[in-house]
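Reviewing the structure listed below.
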Amino acid sequence: MAMTTITLTGKGVEEVQALDIRISVEAIVNISAEMARRKVTGWLVDEVGNMLIGGKPQLVISQQTVWRVPAILTSFNIGTVGEVGTIDVDAVTGKLIVSHKLKQRILDNVH
C-alpha cells in the first residue's frame, strides 16, 4: 500500500477543529513515473528546446489520473537552472497532454 500526503485547502479549512475523513481511491496506472519522465523529456527536446528535461513526476489523481512532470531548464555551464512549467502524462495511456499554448508558456518562462 502506498503512503501519501493529502493537503486540504480552501475556505473554512483554517477553522476546522475535528475531522473524520475516509478516502478510498482506485486508479489504474499503466505508465511508470520513469516512462512518463522519458516521454516528457523527448517531447521537450523535440518540440521546445534541447536544454529542457523532465523532472521528478508526481501522481495526480483527479477526474483523470496523470503523472505531472516538471519541465526543467538546464545549462551546460550551470547545470539545473530551474522549473519552467509542467507537463501532464495520462497514467493509463501514456499520452502527453500538451498544446501550443503550453509550449509557448514554457518558452516564455525560459526567457
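Nothing in this text is a laboratory measurement; each read-out follows from the coordinates by a stated rule. Remember, it's a predicted structure, so these values are computed and weren't measured experimentally. Here the Cβ positions follow ideal geometry from the backbone for every residue, glycine too, while neighbour counts run over all protein chains shown.
Note on the chain: helix-only mean residue ellipticity at 222 nm, from DSSP H runs of 4+ residues weighted -39500 (n - 2.57) and normalised by residue number, equals -6000 deg cm²/dmol. In loop segments of the range 47-111 as defined by DSSP, the trypsin sites (Lys or Arg not before Pro) with at most 15 further C-beta atoms inside 10 Å of their C-beta are K95. Using a Gaussian network model of the chain whose springs link C-alpha atoms within less than 10 Å, name the residue from L73, L19, L96 with the highest mean-square fluctuation. Fluctuation is largest for L19. Summing Cβ point charges (Lys, Arg +1; Asp, Glu -1) relative to the Cα centre of the range 28-110 gives a dipole of roughly 80 debye. Note on the chain: lysine pairs with Cα distance below 24 Å, sequence gap of 8 or more or different chains, count 8.
Summary value for the chain: 21 percent relative contact order, contacts being C-alpha pairs under 8 angstrom separated by 6+ residues. Packing around the peptides 41-51, 23-33, 76-86, taken as the average count of other Cβ atoms within 10 Å per residue, puts them in this order, highest first: 41-51, 76-86, 23-33. A DSSP coil position with no more than 12 other Cβ atoms inside 10 Å describes the following trypsin sites (Lys or Arg not before Pro) in the range 1-53: K11, R22.
Where (1) 13.9, 41; (2) 14.5, 48; (3) 16.9, 52 are the candidate values, the label of the one calculated here for Rg and Dmax of the Cα atoms in Å is (3).
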